[in-house]
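To start, the structure under review is shown below, and the notes come after it.
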Amino acid sequence: MARLFPKIDPSEIDNPGERKVAQALVSQLASRIEVFHGFHWLGASRKGTLVEGECDFVVLDPANGLLFVEVKGGSLEFNPDRMEWRRVLPNGEGRLLGKDPFEQARRSTHEIVDRIRGELPGNPEQVPFTYGYAVAF
């Protein structure tokens with residue numbers, strides 16, 4: 001079983017989609033793996049001001065690298081002509097998502113990896129580990 005941080009039982013996670021993903025990650029991954037839920041970060045906007053972000057899960061496998069996971073629960077629709085994501089409510093009404101979930105995952109990935117890169121000696125262009133991002137629906 002992987003270790004979850006903060007150290008809570010996955011069943012205590014309020015968001016149903018995130019709860020299911022946490023339960024799957026913790027129960028199915030090896031004990032060497034650490035899973036960070038609700039990972040908050042600070043980054044810079046294009047204007048240079050601070051912006052706050054959050055990644056639903058950061059999965060750290062010392063042997064294989066980092067995986068950043070954004071979770072979207074419920075029913076979703078994607079309109080490729082408009083590049084829009086909508087949440088479909090139980091009454092059939094659609095609500096536009098404020099952010100593209102893949103862009104959210106990508107942004108978190110690069111904000112955190114860039115921060116790590118800046119802490120490495122010599123600020124290397126390449127980090128010494130593999131990383132990627134995913135969206136869980």
**Prompt:** Residue check, Gly73 against (1) farther than 17 Å from Val113 by Cα; (2) assigned to a strand (DSSP E or B); (3) in contact with a helix residue (DSSP H, G or I) (Cβ under 8 Å, 6 or more places away or on another chain), all met but one. Which one?
**Reply:** (2)
**Message:** I'm trying to understand the selection: among the residues of the range 118-135, which are touching a Pro at 6+ places or on another chain (Cβ under 9 Å) and in a strand (DSSP E or B)?
**Reply:** Val135
**Fill in**
Expected output for the range 50-70 (first residue closer than 20 Å to Pro16 by Cβ and open to solvent by 30 Å² or more (accessible area, probe 1.4 Å), partner part of a strand (DSSP E or B) and of a type in the set (A, V, I, L, M, F, W, C), Cβ below 8 Å, 6+ apart or cross-chain) is Glu54/Phe39; Glu54/Trp41
**Fill in**
Picked from the range 88-133 (must be under 18 Å from the mean Cα position of the chain (by Cα) and farther than 19 Å from Leu67 by Cβ), the residue most open to solvent (accessible area, probe 1.4 Å) is Lys99
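The values are calculated or read from the model by the stated rules, or taken from the named source; none is laboratory data. What you see is a predicted model; the values in this text were computed from it and never measured. Note that each Cβ is placed from the backbone with ideal geometry, even for glycine, and that neighbours are counted across all protein chains shown. Note: areas computed on protein heavy atoms with side chains; ligands, DNA, RNA excluded. Shrake-Rupley method; radii C 1.70, N 1.55, O 1.52, S 1.80 Å.
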